[in-house]
1. Among the helices (runs of 4 or more DSSP H) confined wholly to region 94-213, which include 2 or more residues that are on the phi < 0 side of the Ramachandran plot, more than 16 Å from the ligand (Cβ to nearest atom) and acidic (D, E)?
2. Tally time: how many residues in region 53-80 are hydroxyl-bearing (S, T, Y) and under 29 Å from L267 (Cα atoms)?
3. State whether one or more residues within region 97-113 are over 22 Å from the mean Cα position of the chain (by Cα) and farther than 29 Å from G341 by Cβ.
4. Applying the selection to region 101-117, what residues are touching a helix residue (DSSP H, G or I) at 6+ places or on another chain (Cβ under 8 Å) and crowded, with 21+ Cβ neighbours inside 10 Å?
5. Report every pair of residues separated by at least 6 positions or lying on different chains whose Cβ atoms are under 9 Å apart, first residue within region 1-29 and modelled with pLDDT under 95, second surrounded by 14 or more Cβ atoms within 10 Å (Cβ to Cβ) and not in a helix (DSSP H, G or I).
6. Could you tell me whether any residue of region 265-286 is in a strand (DSSP E or B) and either surrounded by fewer than 24 Cβ atoms within 10 Å (Cβ to Cβ) or within 16 Å of the chain's Cα centre (by Cα) (or both)?
7. When the residues of region 267-290 are filtered to those that are touching a Gly at 6+ places or on another chain (Cβ under 7 Å) and aliphatic (A, V, I, L, M), which remaining residue is nearest to the ligand (Cβ to nearest atom)?
8. Return the residues of region 180-190 that are crowded, with 19+ Cβ neighbours inside 10 Å and within 16 Å of N64 (Cα to Cα); say none if nothing qualifies.
Amino acid sequence: MVELIQKLYDTGNLSDEELKTLIADENEDTAAYLASRADEIRRKYYGNKVFLRGLIEISSYCKNDCFYCGIRRSCKSAERYRLDRQQILDCAEIGYKLGLRTFVMQGGEDAFFNDDFMCGIISQLRTKYPDCAITLSLGERSLESYEKMKGAGADRYLLRHETASEELYKKIHPEEMRLDNRIKCLYNLKRTGYQTGSGFMVGVPNQTIDHIIEDIRFLQELQPQMIGIGPFIPHWDTPFRNEKGGTLELTLRLLGILRLMFPKVLLPATTALGSISENGRILGLKTGCNVIMPNISPEDARKKYNLYDNKLISGSETAEGISLLRQEIEAAGYTVADERGDYVN
Ligand code: 5AD
């Protein structure tokens, strides 16, 4: 396996067969070696920096009905809320004081957050925090909408493709949702000039290694600036309530592989990874990740924005929470960056 990892390190690519072998390898020594090479290459471009992104969960309303998600429209038990303009500004202010220089406004696909509302809040944040990056994660919208929000001052956009396989896409989404539209949105975002993030869930029901290879090939084509992957975690009130979740080990292997394939990509150790294992996010950092997204939503919102069970809802919005996170990051041999943390070209 050392040869395969070396080849991936040297060339940034492997054949489908080789990838399959590496992804399926459950050996601990392989995992440790992959992590060390991934860490090596990440240090080459970003040193030991970890970038923090303040996540503001603006709405738990969603018009979509993805089978895996706890805020899907037909989830009756989901508690719905929307943050208002002032609440969003307050989150940003708290985050800024805590040293965060990227704000991510994420929410379900909620028509309330139309272009006028979004452009208003984006330009307010842009004026108030000229040294911060503004990231959006609001799902599929029109090209015009993406353009308007970019014009108002947004810098980045996160939209996971979820799976690049047409066949798997249909098994985890209702009929009315279309993979080709999602992919069109991703190319529109890139074209509009956003630093664009995509990604997928690991271990979603019916996913095979071949599907994962399709995801990797899609990412190689799209060349996003950010890649978000995390384990699927079942939510008790969704059709996937009785399914198995994705594992820590497979997620870490994929993170290592992605780092070697995309040396400069901004790669978060996601909340989902931190939710399935206490040490998950730190292990992610040691396997090539260089981003963590502490939640700075109001406490009540954090509880209601339940995409999956047992979501990590530690109080990282407090000075204490962030300083604990900083300590953990530093103990692992990294430093928290105090800049926006844009993609290096
Ligand atoms: N487990 C893990 N991740 C999930 N997401 C949605 N539902 C779940 C779940 N049950 C992810 C999706 C989405 C992101 C915001 O959260 O990939 O893009």
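The values are calculated or read from the model by the stated rules, or taken from the named source; none is laboratory data. Here the structure is a predicted model, which means the values were calculated and not measured. Don't worry about glycine lacking a Cβ; one is built from the backbone with ideal geometry, like all the others, and counts go over all protein chains shown.
1. 115-128, 143-152, 166-172
2. The total comes to 4.
3. Yes, the conditions are met somewhere in region 97-113.
4. Those that are touching a helix residue (DSSP H, G or I) at 6+ places or on another chain (Cβ under 8 Å) and crowded, with 21+ Cβ neighbours inside 10 Å: F103, M105.
5. Qualifying pairs under 9 Å: M1/D25.
6. yes
7. Among residues in region 267-290 that are touching a Gly at 6+ places or on another chain (Cβ under 7 Å) and aliphatic (A, V, I, L, M), the one nearest to the ligand (Cβ to nearest atom) is A272.
8. Matches in region 180-190: R182, C185.
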